[in-house]
Amino acid sequence: MTTTQQTVTREELRARVDALPRVHFAHLPTPLEDLPRLTEELGGPRILVKREDATGLAFGGNKARHYEFEMAHLKEQGFNAIVNIMDYHSNNARVTGAAANKMGFKYVLILKNAKDRVIQGNLLVDKILGAELHLLSEEESERAEELADELGKRLEEEGYKPYVRQQYAFPKYVGSLAYVDCALEIAEQLEALGITKKVRFFGVAGRSTAGLILTAKNLGLDWKATGIAVNYETEMQEYLYDVIGGAQEVLGLTTPFDPEDMTVMNQYIGEGYGIPTEAVIEAVHMLGRLEGLMIDPNYTGTAMSGLIDQIRQGNVPDDETVVFMHSGGLPAIFTFAEELAAYEG
């Protein structure tokens, strides 16, 4: 992404964000911290970390920001129950449950590929949160959406107004919308550090990271983004490019997000989603040993393995400032205890 002409002032954009329905339960602002020992170890550019793992709400993560807007939207529309479909170790599933509890909503959770799994990690947290769990086998997972429809009808019969998330557009762009708010927060933090140009974000390739760049384009900020893909199944066109316009429209932004605005890398996925590579396991241990910082094996671990490799290859200029987006996901450390404990690097 090249720096574009400013189309809205920071004050105007802040006012538009603040005018949206919102509930406040995330711990904000989250810290923006230096990682000096990691920077020294890699011998590359200065690395900062945006601590989105510190948002609170059942182990935190980027989705705590999302739900400040989504839960307010649900309340405004009169919903009082949520039906959600996710994978068995989903962070979304966990944070949705915590946010639903804050609102007093009933939470029904369909977890794919979850049957007969050990109850630990995010799945354990889901249970502690009191979600009505439907744990599906791989075969049963193929009809997850059909089951969600059936459960939605059952909830209606019980007197609820259910929100079956997969049926609505708002959840598809609320992540980008919430990260416009986060981008305004980061801009202030960077300026306080004297950093106003040549900023590169590294994080999971997705809607949150895209929200940062949508903001940068409309504010004329010198920001770039590298998104690390974490699975082969996510088609960026459908998952991100086709829906981020919703956030742009809600906020009245005139400069859109385009696919070329974020460099997406898929070479760090390995065998597939939820299967940590050796590089991911190295990254988890490296951050722990150098900075006392925990990252998870699915998302932030994969993104950090990509950042480490790109710096080692000399692909990140030393005159840039890297901001690593720590999007949370910490319960997954315990799901992959065996793989992590075997590391001898």
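None of the figures in this text is laboratory data; all of them are computed from the coordinates on show. Here the structure is a predicted model, which means the values were calculated and not measured. So basically every Cβ, Gly included, is an ideal-geometry build from the backbone, and we count neighbours across all protein chains shown.
One table, with the values for the structure above:
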{"quantity": "Residue order, fewest to most surrounding Cβ atoms within 10 angstrom, among M103, M325", "calculated": "M103, M325"}
{"quantity": "Overall Cα dimensions of the chain, principal axis frame, Å, largest first", "calculated": "60, 52, 32"}
{"quantity": "Three-way shape call for the stretch 201-318 based on the alpha-carbon gyration tensor, with the a/c threshold at 1.5", "calculated": "prolate"}
{"quantity": "Stokes-Einstein D (µm²/s) once Rh is taken as the Kirkwood radius of the stretch 154-219 over alpha-carbon pairs, at 10 °C in 1.306 mPa s", "calculated": "112 µm²/s"}
{"quantity": "Listed residues A283, A205, A148, most fluctuating in the chain (Gaussian network, C-alpha, under 10 Å)", "calculated": "A148"}
{"quantity": "Qualifying lysines (Cα of each under 19 Å from Cα of K217; at least 8 residues distant if same chain)", "calculated": "K197, K198"}
{"quantity": "Kirkwood Rh (inverse of mean 1/r, distinct Cα pairs), the stretch 9-99, angstrom", "calculated": "15.5 Å"}
{"quantity": "Contact order normalised by residue count of the chain, Cα under 8 Å, 6+ apart, percent", "calculated": "23 percent"}
{"quantity": "Count, lysine Cα pairs under 13 Å in the stretch 63-167, 8 or more residues apart or across chains", "calculated": "5"}
{"quantity": "Cα-derived Rg over Rh, computed across the stretch 272-345 with Rh taken as Kirkwood radius", "calculated": "0.97"}
{"quantity": "Estimated translational D of the stretch 63-167 in µm²/s (Stokes, Kirkwood radius over Cα pairs; 10 °C; 1.306 mPa s)", "calculated": "116 µm²/s"}
{"quantity": "Nearest-20 debye value, the chain charge dipole, Cβ charges on Lys, Arg, Asp, Glu", "calculated": "940 debye"}
{"quantity": "Under 5 Å, built H, 5+ apart or other chain: amide partners of I82", "calculated": "K106, Y107, V108, Y163"}
{"quantity": "Least to most buried among D116, D258, D126, D87 (fewest other Cβ within 10 Å first)", "calculated": "D116, D258, D87, D126"}
{"quantity": "Backbone N under 14 Å from the T254 label point (7 Å along Cα→Cβ), restricted to the stretch 212-242", "calculated": "218-220"}
{"quantity": "222 nm mean residue ellipticity, helices alone, for the chain (DSSP H n ≥ 4; -39,500 (n - 2.57); rounded to 500)", "calculated": "-13000 deg cm²/dmol"}
